[in-house]
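A quick write-up on the structure given underneath.
No value in this document is a laboratory result; all are computed from the given coordinates. Please read these numbers as outputs of a predicted model, since none were measured by experiment. Glycine also receives a Cβ, built like all others from the backbone with ideal geometry; neighbour counts cover every protein chain displayed.
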Amino acid sequence: MGKQINIPKIIGGLKPLFIAQAKRTFSLVEREGQQIEIIYLTLGKSDRESGYYVFGCDKDFNTHTDYFFEELEDALEDVAEIYKTEKINWRPLIPEIKKLETIIFREWEFLVDRNITEETYSEIPFGGANGCKCNYCKNFAQQRETIYPKDVKELFSKLGIDFRKEVEVAHYVKNENETHLYGGWFHFKGKMIKGKDCKIPLGNGGSTFDFVDLTPNFGIGFTHDNALTSFNPKDGLVQIEFTVNLPWVLEKELEQE
């Protein structure tokens, strides 16, 4: 935005959280036989509904179009398609609102609220494996520092995830090579906008996962879910599923077949 503009405190009945200004115009709308240019887009949070409104405004901030979105991420990203433009350069109007970061990991692309994710993990006392007394979980927890490949740890850091605080861990089977197959998951606040969803629905109403192998012993996948999450609210989350083969490092007599 070039010259200083006076933005009203209330637009469309809502306090604006973000604003975007067109280089020329976002679109034209007809009102009473006149063509009106949509110069500004503003985004506000509805107090009556659980969601967000994007208003199309003229040069004087009179509203002429409005679109409702349940998620902030959708409001910020999907409105570009509505106005047939490649990208909308949103500017936050409230200091505590941080624009979502775009993070790319291999074939996936995510919109991420790192601040909320980091704050949530800081309040979680320990990982799911530490909350269980079984030997399988103890075996997992004993090796946690070396379980995740380097690029996965780097991804977690960018997302705001503490890798020591997995939501839950499950032991599946002892493999023929004496290793043990585990699975588990994490959450972060955001949205997957590109890449394969690992969750595959089954005909009986259940589901399974299709992992991408990053190493011979570690696979990963992403889906939108909130199983057993510590996040509040529980919506707008990406669930990171992983599977890993681990050796038995506890006393041999504690290992079960």
#### Entry: Estimated inter-spin distance, residue 214 and residue 45, nm [label 7 Å along Cα→Cβ]
3.2
### Between 0 and 90°, nearest 10: helix 72-82 axis offset from the chain longest Cα axis
50
### Query
Per the chain: cysteines with no other Cys C-beta under 4.7 angstrom?
57, 134, 198
### Summary
Among 87/158; 15/199; 196/252; 138/194; 9/87, the pairs whose Cα-Cα distance exceeds 32 Å are 15/199; 196/252; 138/194
### Summary
Treating every alpha carbon of the chain as one equal point scatterer without solvent, the Debye formula yields log10 I(q)/I(0) values at q = 0.13, 0.15, 0.16, 0.17 Å⁻¹ of -0.88, -1.06, -1.15, -1.25
### Query
If each of residue 226 and residue 174 carries a label point 7 Å out from its Cα toward its Cβ, how far apart are those two points in nm?
4.0
### Query
Using r as the Cβ-Cβ distance of residue 134 and residue 158, and R0 as 22 Å, what FRET efficiency do you calculate, to the nearest 0.05?
0.10
### Summary
In whole µm²/s, the translational diffusion coefficient that Stokes-Einstein assigns to the range 101-254, given a Kirkwood hydrodynamic radius over C-alpha pairs, 37 °C and 0.692 mPa s, equals 204
### All Cα pairs of the range 16-92, percent lying beyond 16 Å
45
### Label-point gap, in nm, between residue 60 and residue 249 - each point 7 angstrom along Cα→Cβ
7.0
### Query
Using alpha carbons only, how many degrees (0 to 90, rounded to 10) separate the axis of helix 150-159 from the longest principal axis of the chain?
40
### Task
Report ³J(HN,Hα) in whole Hz for each residue of the range 172-189, in order, from the Karplus equation J = 6.51 cos²θ - 1.76 cosθ + 1.60 where θ = phi - 60°; Gly and Pro get x.
9, 6, 8, 6, 5, 8, 6, 7, 10, 8, 10, x, x, 7, 10, 10, 9, 7
#### Entry: Simple Cβ-charge dipole of the range 101-254, Lys/Arg +1 and Asp/Glu -1, about Cα centre, in debye nearest 20
80
### Alpha-carbon centroid distance for the pair the range 190-220 / the range 102-137, whole angstrom
17
### Query
Which ordering of 223, 208, 85 is given by a fewest-first count of other beta-carbon atoms within 10 Å?
208, 85, 223
### Query
In what order do 42, 146 fall by count of nearby beta-carbon atoms within 10 Å, going from fewest to most?
146, 42
### Per-residue Cβ neighbour rank within 10 angstrom, fewest leading, 198, 57
198, 57
### Summary
At R0 = 30 Å the Cβ-Cβ FRET efficiency linking residue 193 and residue 15, nearest 0.05, sits at 0.65
### Message
Could you work out the pair-distance distribution P(r) of the range 157-226 from its alpha-carbon pairs, with 5 angstrom bin width and percents rounded to whole numbers?
### Response
3, 12, 19, 27, 22, 11, 5, 1
